[in-house]
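**Q** Below is the structure I would like to discuss, written out as structure tokens.
The values are calculated or read from the model by the stated rules, or taken from the named source; none is laboratory data. Predicted model only: the values in this text are computed from it and were never measured. No Cβ is skipped: glycine too gets one built from the backbone with ideal geometry, and neighbour counts run over all protein chains shown. Ligands, DNA and RNA are stripped out before the accessible areas are found, and what is left, the full protein with its side chains, is counted by its heavy atoms. Shrake-Rupley method; radii C 1.70, N 1.55, O 1.52, S 1.80 Å.
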Amino acid sequence: DVVETQEHYKSRWRSIWIMHLTMFLSSVGFSIVVMSVWPYLQKIDPTADASFLGWIIASYSIGQMVASPLFGLWSNYRPRREPLVVSTVISVAANCLYAYVHVPHSHNKYYMLIARALVGFGAGNVAVVRSYVAGATSLTERTSAMANTSACQAVGFILGPVFQTCFTLIGEEGVTWKLIRLQLNMYTAPVLFGALLGLINIILIFAIFREHRVDDMGRQCTSINFEEEGICVSLKTYSVMIILVYFLIIIATPLTMDMYSWTRKEAVLYNGIILGVVGIESVIVFMVVKTLSKKTGERALLHGGLMIVLVGFFILLPWGKKLPNIQWQEIKNNSIPRTTFSETLMPFWSLEAMQLSSNHTTEPTGCPVSQSWCLNTPKIYLAQYISSDVLIGLGYPVCNVMSYTLYSKILGPKPQGVYMGWLTASGSGARILGPVFVSQIYTHLGPRWAFSLICGIVVLSLLILEIVYKRLIAFSVRYGRMQE
């Protein structure tokens with residue numbers, strides 16, 4: 001152990017803040033297009049349906065799941081600058097690819113799938129970021145540092161949709177640079193902006209970031225790859241369950257287009273505003289949780305956060321009698337005007353209503369009749385949707401910070417790159433199963449079944465938390481090196 005100098009302390013925290021920035025940019029890479037993926041997918045490839053949307057969203061998580069343990073292992077044996085720079089370069093290249101998915105004459109949806117998978121692969125550096133923060137902070141600094149890391153992640157989720165919302169001013173057509181076949185519009189401008197931020201991040205990693213490591217007492221360690229025996233109680237189960245809240249973000253665009261008859265542009269704009277406000281709420285929670293955890297402890301906060309998330313999803317279940325507006329389409333893809341259902345479904349449609357649509361060319365809106373549940377599932381009111389967002393925006397950040405903080409404390413003073421990689425991979429696995437599986441349920445069975453399933457999963461995670469509650473103790477506390 002080496003006594004930490006003031007200069008070492010400043011350098012250590014400068015490097016931690018560079019990791020916060022990296023976390024922010026990784027989060028922006030996910031959220032900056034999440035509101036526009038569905039309308040952009042429909043624009044470039046009309047053959048894509050809502051089920052394929054689930055695969056495109058899941059591709060990000062597949063890439064991250066594969067890359068996280070690899071980058072984590074890399075960071076355990078080599079300078080962390082290497083995996084950080086390589087992963088960011090991959091993300092920049094993938095964003096540029098996304099901006100060109102409109103160019104091919106066919107199979108455009110598959111190019112989008114590949115682009116999002118590569119962005120997710122680059123986001124595998126989250127494991128490196130969290131392992132560095134865990135290793136560069138003392139036990140007393142850990143909760144605050146992890147909360148700041150998660151807050152930067154949340155700010156990324158906030159600003160991603162906000163950036164997307166601002167870029168809607170460019171419009172769907174935008175401008176075209178024919179020389180390089182680049183279309184700069186509301187769908188491509190955000191990812192190009194994300195690529196620019198990635199380049200800035202690479203420069204800062206080279207200029208400012210330095211390797212540091214301290215033990216649980218805050219004393220400087222002479223070896224970066226310091227090892228010590230310990231017991232790890234896995235929190236992967238909790239992270240897998242908590243990550244399902246991403247489904248709400250992913251399904252927000254098709255859900256609101258179905259329920260409220262919003263156009264593609266309206267869905268991107270309004271959801272960006274709603275999620276931006278909820279994201280601000282989450283950042284406030286991240287700041288408050290640092291102080292609150294000192295009074296209640298991480299385990300109690302984790303339990304309370306899960307309960308709030310459960311209530312948030314329960315509210316989303318369809319309760320009323322009014323049905324959503326229906327979007328009818330003929331074989332020739334001519335839209336039939338929307339019709340509002342009140343208390344009961346009309347058994348037949350008049351020939352006159354069919355004929356009125358023959359020359360209808362505006363964008364079809366409403367719940368598509370191809371989703372049979374639209375004909376009998378009550379509408380989710382806007383008040384329900386917003387209330388649910390607010391509650392999940394309150395509960396999720398608590399669960400996020402407490403899961404990672406407890407996990408890193410239980411691991412103890414050992415290189416955590418691989419462990420953080422597996423934890424990130426488990427969360428990515430949940431995001432794979434969540435969007436794909438639940439979007440299939442949403443498409444074929446409707447929101448009642450989809451959100452009931454999510455409620456059941458959160459209840460299961462609460463039961464598992466109760467079973468292992470007493471074992472979630474920091475390594476140094478468990479072995480008597482520190483008092484809790």
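**Q** Specify which of the listed residues (56, 62, 18) is buried (at least 17 other Cβ atoms within 10 Å of the Cβ), under 23 Å from the mean Cα position of the chain (by Cα) and under 25 Å from residue 146 (Cβ atoms).
**A** On the way: 56 fails: under 25 Å from residue 146 (Cβ atoms); 62 fails: under 25 Å from residue 146 (Cβ atoms).
One residue alone meets the criteria, 18.
**Q** Here is a follow-up. Return yes or no: is residue 211 surrounded by fewer than 16 Cβ atoms within 10 Å (Cβ to Cβ), of a type in the set (Asp, Glu), modelled with pLDDT under 80 and on the phi < 0 side of the Ramachandran plot?
**A** Values: surrounded by fewer than 16 Cβ atoms within 10 Å (Cβ to Cβ): yes; of a type in the set (Asp, Glu): yes; modelled with pLDDT under 80: no; on the phi < 0 side of the Ramachandran plot: yes.
Judged against the criteria, residue 211 is not a match.
**Q** Examine the range 130-141 for a residue that is closer than 24 Å to residue 275 by Cα and open to solvent by 10 Å² or more (accessible area, probe 1.4 Å), and state whether such a residue exists.
**A** no
**Q** Do we have any residue at all in the range 285-296 that's in contact with a helix residue (DSSP H, G or I) (Cβ under 6 Å, 6 or more places away or on another chain), modelled with pLDDT of 80 or more and closer than 20 Å to residue 162 by Cβ?
**A** Looking through the range 285-296, at least one residue is in contact with a helix residue (DSSP H, G or I) (Cβ under 6 Å, 6 or more places away or on another chain), modelled with pLDDT of 80 or more and closer than 20 Å to residue 162 by Cβ.
**Q** Only residues that are under 12 Å from residue 312 (Cβ atoms) and not aromatic (Phe, Trp, Tyr): list them for the range 359-397, please. I'd like the intermediate steps shown before the answer.
**A** So the first thing to find is which residues in the range 359-397 are under 12 Å from residue 312 (Cβ atoms), and the list is 384-396.
Correct list: 384, 386, 387, 388, 389, 390, 391, 392, 393, 394, 395.
**Q** Could you count how many residues in the range 90-126 are within 16 Å of residue 38 (Cα to Cα) and open to solvent by less than 20 Å² (accessible area, probe 1.4 Å)?
**A** Of the residues in the range 90-126, 7 are within 16 Å of residue 38 (Cα to Cα) and open to solvent by less than 20 Å² (accessible area, probe 1.4 Å).
**Q** If you don't mind, there's one more thing I want to ask. Helices (runs of 4 or more DSSP H) wholly in the range 1-117 with at least 1 residues that are in contact with a strand residue (DSSP E or B) (Cβ under 8 Å, 6 or more places away or on another chain), more than 21 Å from residue 183 (Cα to Cα) and at pLDDT 85 or above - which ones? First the steps, then the outcome.
**A** Working: elements: 6-31, 37-44, 50-77, 81-98.
Hits in the range 1-117: 6-31.
**Q** Conditions: (1) modelled with pLDDT of 80 or more; (2) more than 28 Å from the chain's Cα centre (by Cα). Residue 401 meets all but one. Number of the miss?
**A** Unmet condition: (2).
**Q** Also: Could you check the range 315-336 and list, in sequence order, the residues that are buried (at least 16 other Cβ atoms within 10 Å of the Cβ) and modelled with pLDDT under 50? So that I can check it myself, show each step before the final result.
**A** Within the range 315-336, the subset buried (at least 16 other Cβ atoms within 10 Å of the Cβ) is 315-318, 323-328, 335-336.
Hits for the range 315-336 are 335, 336.
**Q** Would you pick out the residues in the range 269-314 that are free of Cβ contacts under 8 Å to residues at least 60 places away in the same chain and open to solvent by less than 10 Å² (accessible area, probe 1.4 Å)?
**A** Selection gives nothing.
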